[in-house]
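Taking it in order: structure first as C-alpha cells, then the write-up.
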C-alpha cells in the first residue's frame, strides 16, 4: 500500500501529554494496532507526541515522534485527531480550541477544563462541527458519560449518586474497616500511592466536584460548572463519625449527588442540586459495598429505573482504555464523515443553593444528663419544621449522648436547627453532623 | 411551521408492535416530545403503528395511526426510522430487512432474531449502510451493548459474566432466601408476573443463551449464534443444591459466561467459550448480591479492569428507555447524515465445545460409610488429572456424604470424572454436580 492508495488512508493522531495515561495510550496504540484498524475500518497512526521535556527517558517511544511544540503539532495539516491528556486549564484549552477550529476531532481526559469552562469547549465543538469525546474525564474506564449522553438520552434522569473519587473512598474505607483516624488513613493512602503528595484536590472534594459538574450537565442538559457545586471534603470526618455511622448500620462515603429538586407541576423540577459531601448510607445500599479505591455511580431515571456502574475509577490503564474507546468512536466518525453527539444545555435548569436542597441529617450531641433535654432539643427541630425520624439516648453523666436522624427537609432548615442546638444550654457539644442518603435508617 | 419549512423537517418513526414495550414507547414519544426534539435537534413524529389486531382497546393511541399491514408501513417513503418490538424471527426479519433496504434506520429489541440470525441482519445493515441499534435486546435499560460496542472498543475483553435473566434470578433468589424448592419458587414467580405461563424460554436458559450469543459477538468481534451456546437451565437445581452452596458460603445463580480460552502465545486465545448454566459463586462476589429479578453483568477487560453494570433487566418501561436511547442516536445520525457503528466479526474466533472450557466443579456424593472411600474417589479425580481444592465429609451411615470442590480443569475431564464416580461401587449417589465460578472458595 502507498500513500496514493485511497484504501490505505490512515487517520493520524496527535497526542498531547505523555505521562501515566499518555504512555499507556501509546503502548495500546502500538500493541492493538491491528485490532484498532479492524474496528475503525482504517489504520490509526501516531503523528506526534507533545511533551514538556525531551530528555526524560522513554525507552518504548520513537524519539522522532516527540516534540515540545504542542501548538505546531496541533496545527499540522496531516493530523486528524488530537488526544489531550495534559490536564489543567491552559495550555490545554487553547490547544483543544485550535484543534477543533482546524477541523480535528478531539478526545480529552481533562475534567478540570470541562468542569470549569465547559461552555467554551462545548461551544467550540458546536461552532466548528468537531467531535469532542471525554469519557476518560469521569470515573476512568467506567462507561458512564456515554450511557448518560446516549443510552439514557431518551429517558428522564432524576438523580445521579456516586462515589467518583478513589482516594477518598480508600481513606474512608480504611477508617471504616480498621477504625483508623483520618490522618493515619491519609498517610497510608499516600504510602500506597492512592493519594498524592499534595492530596488537596482529592480530600477537599475538588476532584469529585469537577466530575459532579460534568455529570450534572449531561444528566440535566443544563450548564453546570465546578463553581456551582456545593463542595465539602472529608478532612473533618472523624473516627467518631465513622463509629457512629457503624452503630446505625451505616457507612460514611464521599458522595457526588446531582438531582432534580421537585416542584409542584412541571416535570423538570425547580432546578437541580449538585453537591459533593460526606454522607452516611445504609450498609445495605449497593454503594456501601464499594471498597478501596473503586468507583461506582447510581443513576435513577424515570423509565430505566435504578442503574449502577462500577469499576476502577482511575489509573493509567483504565483511563487509557476510556481514551481508546473514544478514539475509535471519533475515528469511525472521521472515516465515515459522521459526527458524534453534541452537548446541549437546552433545559437551562438553574443550580439551586445548598439551602434549598432536600436532605436528611444525622446529629450527635453531647448533652446534660437530666430530664427535659430531649424535649428542648426536639423543640428546636420542630421550630424549623424538621421532623425527627429516630432518636437514641446513650451513656450517662458526662457521657450522655443524644443521636438523632431526621426525615427529609430543606437543608437550610437543618443547618438552622443545628445552629440553634449549639446555643442550647443543655447541649454541651454538637459532636457530629452529617447528611444521610439512601433509604430510611435506624 | 409548515411542511415546506426545512427547519420543520420531522423525522418520522414507524413502530412495529404495540404490546408491553411498544405502548410504553408511544407514551414516552408523546410525553417527552419536546425533550426528544431538543436532544435530537429535530422533532420526531409517529408515522404509524403496526399491530396484529385493530379491535384491542388502546385508549391513549390515535386510531388513525394503527394498521395491520406492517409491510406497507415499512415501505412508506415518508418513514425514516423503524422500531421493531414484535419479537420472534418472522415476520420481524423480513420487515427489518425491507426497512434497511429502503434506507430506513432500525431500532430493535429482538434478541431472538439477532442471536439466531444476526449474520443476515448485521449483513444487511452493512450492505445497505443502515443504522441498526439494539440496546434493548439485552438486559433491558442497562446500558451494556453500547459500552461493549463503543466504550470498550479500544480495549481487549477477556470475559463477560452476568445474570441476564430476571425470571430465573427471582426463582433462585427465592430458593436461596426461603429454602423453597424449584417448583414452589416457579409457582410464586408466575403468580407475581415474573414468570410467564409457559416459562420454558426462561427456566431452560434459552433467553439467557440468546443474550450470551449477542454479548459474545460484540465482546469478541466474532460470529456467535444461539445454537453455539452451551445451555443448561435451572430446572434441575434442587433445594439441596442451594443448601449445599449456602454451606460453602456460596449462592446459586444462572450465569451467562463469554470468555476467551487462553492459548500459549497469541493474544486472542484459542477460541471462545459461550455458555449458560447454573453455577455456585461466593457470597462475596458482587453478582451474589443481585437479588430478585435484577440483572447485572461483569466485564473484565485488559486495560479497563473489572466493570459491573446493574439494573432492571426487563419490563416495559426499562426496555422502552433503551429503545428511546437508540431512537435518539439513530435520529441524530439521520439528521446529521451520519452512521453508527457497524458490527464486525473480523476476529473470527471459533466457539469451542463445552468440553474444552476451563471450569471448576462442586460435587456432592452420597457414599458408603467406611474407610477408603475418599481414597477411591480421589483416585478417579487424579486419573483425569483433575486437582481437588477442598473436601468435606459429613454425616454417618446412610447419611454419609462427601462434598468436593475442584481446582480449574477442562470441563471434559470433569464430566468424565463424574461419570466414573457414578460407576464406583462405594458411591451410592451423585447427589449434586454444579460448576463453580468466581474466586476460590471453601
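The values are calculated or read from the model by the stated rules, or taken from the named source; none is laboratory data. These figures come from a predicted structure and were not determined experimentally. When we count neighbours, we look across all protein chains shown, and the Cβ atoms used for this are built from the backbone with ideal geometry, even at glycine.
Yes or no, residue by residue, for (1) in contact with a strand residue (DSSP E or B) (Cβ under 9 Å, 6 or more places away or on another chain); (2) crowded, with 21+ Cβ neighbours inside 10 Å:
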{"site": "A:358", "(1), (2)": "yes, no"}
{"site": "A:362", "(1), (2)": "yes, yes"}
{"site": "A:383", "(1), (2)": "no, no"}
{"site": "A:391", "(1), (2)": "yes, no"}
{"site": "A:394", "(1), (2)": "yes, no"}
{"site": "A:409", "(1), (2)": "yes, no"}
### Message
Against the definition (within 20 Å of residue B:349 (Cα to Cα), in the same structural domain as residue B:196 (by TED's automatic domain parsing) and outside any helix (DSSP H, G or I)), how does residue B:162 come out, yes or no?
### Response
no
### Task
Output the number of the condition that residue B:86 fails; it satisfies all remaining conditions of (1) touching a strand residue (DSSP E or B) at 6+ places or on another chain (Cβ under 7 Å); (2) outside any loop (DSSP other than H, G, I, E, B).
(2)
### Task
Give the residue that is farthest from residue A:287 (Cα to Cα), with candidates limited to residues of region A:299-326 that are more than 7 Å from chain B (Cβ to nearest Cβ) and more than 18 Å from the chain's Cα centre (by Cα).
A:326
### Task
Name every residue in region B:132-159 that is buried (at least 24 other Cβ atoms within 10 Å of the Cβ) and part of a loop (DSSP other than H, G, I, E, B), in order of residue number.
B:134, B:138, B:139, B:140, B:141, B:142, B:143, B:144, B:152, B:153, B:154, B:155
#### Entry: Set A:191, A:208, A:185, A:201: member being away from chain B (no Cβ under 12 Å), in contact (Cβ under 8 Å) with a residue 12 or more places away in the chain and either farther than 30 Å from residue B:35 by Cβ or more than 20 Å from the chain's Cα centre (by Cα) (or both)
A:185
### Message
Here are the criteria: (1) in contact with a strand residue (DSSP E or B) (Cβ under 9 Å, 6 or more places away or on another chain); (2) in contact (Cβ under 8 Å) with a residue 40 or more places away in the chain. Tell me which single one residue B:305 does not satisfy.
### Response
(2)
## Note on the structure
Only one of A:281, A:261 is under 22 Å from residue A:392 (Cα atoms) and touching a helix residue (DSSP H, G or I) at 6+ places or on another chain (Cβ under 7 Å), namely A:281
### Task
Write out, first by first residue and then by second, each pair whose Cβ atoms fall under 8 Å of each other, whose residues are 6+ apart or on separate chains, and whose first residue, in region B:131-145, is at the interface with chain A (Cβ under 9 Å from one of its Cβ atoms) while the second is part of a loop (DSSP other than H, G, I, E, B) and surrounded by fewer than 24 Cβ atoms within 10 Å (Cβ to Cβ).
B:140/B:314; B:140/B:315
### Query
Failed condition for residue B:276, given (1) within 21 Å of residue B:173 (Cβ to Cβ); (2) surrounded by fewer than 24 Cβ atoms within 10 Å (Cβ to Cβ); (3) away from chain A (no Cβ under 14 Å); (4) within 23 Å of the chain's Cα centre (by Cα), with all others met?
(2)
### Message
Of all residues being surrounded by 19 or more Cβ atoms within 10 Å (Cβ to Cβ) and more than 7 Å from chain B (Cβ to nearest Cβ) in region A:334-346, which is farthest from residue A:36 (Cα to Cα)? Just the residue, please.
### Response
A:343
## Note on the structure
Within region A:32-48, of all residues that are closer than 15 Å to residue B:152 by Cβ and touching a residue at least 40 places away in the same chain (Cβ under 8 Å), the one farthest from the other protein chains (Cβ to nearest Cβ) is A:40
## Note on the structure
In region B:364-379, anything in contact with a helix residue (DSSP H, G or I) (Cβ under 6 Å, 6 or more places away or on another chain) and surrounded by fewer than 18 Cβ atoms within 10 Å (Cβ to Cβ) is listed as B:369
### Query
Taking into account only those residues within region A:421-440 that are under 30 Å from residue A:162 (Cβ atoms) and surrounded by fewer than 15 Cβ atoms within 10 Å (Cβ to Cβ), which is modelled with the lowest pLDDT?
A:440
### Task
Considering each of B:98, B:62, B:69 in turn, give the residue that is at pLDDT below 95 and more than 24 Å from the chain's Cα centre (by Cα).
B:62
### Query
Which one of these does residue B:354 not meet: (1) farther than 30 Å from residue B:99 by Cβ; (2) touching a helix residue (DSSP H, G or I) at 6+ places or on another chain (Cβ under 6 Å); (3) crowded, with 21+ Cβ neighbours inside 10 Å?
(3)
